[in-house]
1. Quick check on the chain: helices-only [θ] at 222 nm, where DSSP H runs of length 4 and up contribute -39,500 (n - 2.57) each and the sum goes over total residues. Nearest 500, please.
2. Equivalent ellipsoid semi-axes for the range 240-394, as square roots of 5 times the alpha carbon gyration tensor eigenvalues: give them largest first, rounded to whole Å.
3. Please compute the Cα-Cα pair-distance distribution of the range 1-108 with 10 Å bins starting at 0, giving whole percents from short to long.
4. What whole-number value in Å² describes the accessible area per residue of the range 355-394 for a 1.4 Å probe?
5. Using the Kirkwood radius over C-alpha pairs as Rh, can you work out the diffusion coefficient of the chain via Stokes-Einstein at 25 °C, viscosity 0.890 mPa s, in µm² per second?
6. Test of the criteria: in the range 1-68, which GluC sites (Glu not before Pro) are in a DSSP loop and have at most 13 other Cβ atoms within 10 angstrom of their Cβ?
7. Can you count the Lys pairs in the chain with C-alpha separation below 29 Å, eight or more apart or on different chains?
8. Using θ = phi - 60° and the Karplus relation 6.51 cos²θ - 1.76 cosθ + 1.60, list the HN-Hα couplings for the range 36-45 in order, rounded to whole Hz, with x at every Gly or Pro.
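The values are calculated or read from the model by the stated rules, or taken from the named source; none is laboratory data. Since this is a predicted model, take the numbers as computed values, not measurements. Using ideal geometry, Cβ is built from the backbone for each residue, glycine included, and neighbour counts are taken over all protein chains shown. To get the accessible areas, we keep the full protein, side chains included, count just its heavy atoms, and leave off ligands, DNA and RNA. Shrake-Rupley method; radii C 1.70, N 1.55, O 1.52, S 1.80 Å.
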Amino acid sequence: LIFVAHPAHSEIANYVASSSSLFAGAFFICAVDQYLRWRQSERARHSVLMFAAAMLSFLAKEEGIAIVPVLALLELSLPKTPKKPAFFAALAALGAAMAGLYLGFRPHAQNYAQPGVTVLDYFLTQIRAYVHYLQLYFWPFGMNADNLEFAFSNSVRDPRVVAAIVFQILLAAAAWSTRSWRAGWVALLWFYAALAPTSSFVPLSEPVNDRRPFIAFFALAGLGVPLLFWVIQRLQKATPKHLARVPLLLAGILAAVFVAGSRGRSQVWSSHETLWMDTVQKNPTSGRAQNNLALVYIGRGDWKSAAPLLEQCEMFIPRYSICKTNHAVVYAALGQEAAAEAKFKESIALEGQGIMARKHYAGFLFRHGRLDEAEREFARVDEVAGRYDLTGRT
């Protein structure tokens, strides 16, 4: 119930445009389940299913590679089980295969890092991100579909980085002091291992993302069960007999709060407009969120509502060509042809070898009877797209 109803997991379930994190998590926990079954029965089919699920988790999303250290951690932590060198050798081979696949494909993939964000900047920011994700699990309020307000850190002297380092040192010390309680430090190490692929040295476009800690939250959900029972038992011992059911009532209230929180977050995700209105409210300087909300209004022809959002978008991200293209479309719809054409040309200059701005500009020229100019622009679209853009060819 803790896991299913937890509001932080609603981000994964609601983000249906990309189910990669959901599939990676599903195969990840399947691999852990098959591992535990194999340790209990030592039947070969469980080991085969374990490695198959582990690879499927990685193939769904790169963060699935965390299954390798997590399985090694479980093997080292389980009591009264002989450690098998062959198992660790197989895990090492699995990790090498995953790393080889990742390195083989990554050079051909898009670089998602923001301009100007170095590896060191990203790493320092992720020190803060671990604390953010812990807070998100234990206080799941203020979830954010496109969190750019978190901002990147570019110095180890940043007070936020220093505070995060101090907090995590204290957390590690607390876990070490209770190392005889296996669940505590296993969950903490699982949490860090599962976040490492996205929150360490590989820069991504956002400083944090509420969908990244999904696999890490498996560990905290598992830890929550013994913690909750421990708290209930302590409360029951401390309360009079006629109040013995109060702790269970409090646990039920917690579950109800989680359900209400998940429902509320699902309502935010129920339409483009409610999602991006919520995102703009939480990220008032996010040009990307403002552009996406403007697209909602463009889609229903509400040009006057879209225009100020796109003006704000351009102010916060002056080199965001998509925003300029949409602004040009709005200008054209409002009959401001000169402003539209100027904005299209700005967008084309920023877009480089892209085709979206040029394609919209060619359509603008066509609709205004400037056929020779439109033909040249469509031909350029066709050329840049390698003759694969059907709109340009048509």
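1. On the way: 19 runs with 277 residues, N = 394.
Mean residue ellipticity at 222 nm (helix-derived): -23000 deg cm²/dmol.
2. Working: eigenvalues 459, 53, 33 Å².
Taking √(5λ) for each eigenvalue gives 48, 16, 13 Å, largest first.
3. 14, 41, 31, 14, 1
4. Working: 2660 Å² over 40 residues.
Result: 67 Å² of accessible area for each residue.
5. Values: Rh = 24.4 Å.
Value of D from the Cα-based Kirkwood radius: 101 µm²/s.
6. On the way: sites: E11, E42, E62, E63; in loops: E42.
Sites meeting the loop and neighbour criteria: E42.
7. For the chain, the number of qualifying lysine pairs is 14.
8. In residue order, the calculated couplings are 4, 5, 5, 5, 7, 10, 6, 7, 4, 5 Hz.
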